[in-house]
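The values are calculated or read from the model by the stated rules, or taken from the named source; none is laboratory data. Quick caveat: nothing in here was measured; it's all calculated off a predicted structure. FYI the Cβ positions are ideal-geometry reconstructions off the backbone, even for glycines, and counts take in every protein chain you see.
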Amino acid sequence: MTEQRDPARAPRRMSPQRRREQLVAAALELYGRLPPEEVAVSDVTRTADCSRALFYRYFPNVESLHVAALGTVVAELIERVAMPAGGDPGTQPALEEQLGGAVDAFLDVAQRHARAYVALLRSGSVISTGETDALVDGVRDHFVDLLVLRGGLADPSPLQLMTLRGWVALVEGATLTWLEQGEVGRETMRDWLVAQLFALLGVTARHEPR
């Protein structure tokens, strides 16, 4: 069947970059209503009000659009999840405040892009690829690097690094459950995650040989 578009809403001429951004924005809008794996090219072209031929000028298939759209979610996570210097570096009160803000930003982005985030993290998802795995690894590395920097760990030990990476994995898994079940308030979730890190670091300190 020929795809119908409203002539009254004929798209303006756009630069290639702007058109690509429009298609990505359409995908993210659709993710608010559908799991990414259920979004088809026809859904995107209808939302963006463009033809299939125009879509294929920018993306070879819908999977490549998923990667681009999920990449924007990851870029937003990395941009928002920051721990600006403040207070007495390396002290627990300063770190708690910084970490609370970073976790709050993380939860905010994950909540606003809930379906995309779940698809990004779910192993075995039909949109899971080596490219999406690399996106996830980028967020993990960003968070660990922030913790090392703001925690004053110039030369983190193997146990410390394992603790930080384990906590990031905890944040990911807990956030998936939180988004899907919604049984815990966001402030409680944030404070619990922050407390979990310091509890884990306490255990590590007791087993640290140096």
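Of note:
This table checks each residue for (1) out of contact with any helix residue (DSSP H, G or I) (no Cβ under 6 Å at 6 or more places or on another chain); (2) closer than 21 Å to residue 139 by Cα; (3) in contact (Cβ under 8 Å) with a residue 40 or more places away in the chain.
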{"residue": "28", "(1), (2), (3)": "no, yes, yes"}
{"residue": "39", "(1), (2), (3)": "no, no, no"}
{"residue": "65", "(1), (2), (3)": "no, yes, yes"}
{"residue": "69", "(1), (2), (3)": "no, yes, yes"}
{"residue": "79", "(1), (2), (3)": "yes, yes, no"}
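- Conditions (1) touching a Ser or Thr at 6+ places or on another chain (Cβ under 9 Å); (2) at pLDDT below 90: number failed by residue 197: (2)
- Residues located in the range 98-130, provided they are polar (S, T, N, Q), modelled with pLDDT under 85 and under 16 Å from residue 175 (Cα atoms): 123
- When residue 43 is tested against the conditions (1) modelled with pLDDT under 90; (2) assigned by TED's automatic domain parsing to the domain that holds residue 16; (3) among the acidic types (Asp, Glu), the lone failure is (1).
- Residue 105 of a type outside the set (Asp, Glu) and part of a helix (DSSP H, G or I): yes
- Selection within the range 145-194: residues that are of a type in the set (D, E, K, R) and touching a residue at least 12 places away in the same chain (Cβ under 8 Å). The member of this set that is surrounded by the fewest Cβ atoms within 10 Å (Cβ to Cβ) is 180.
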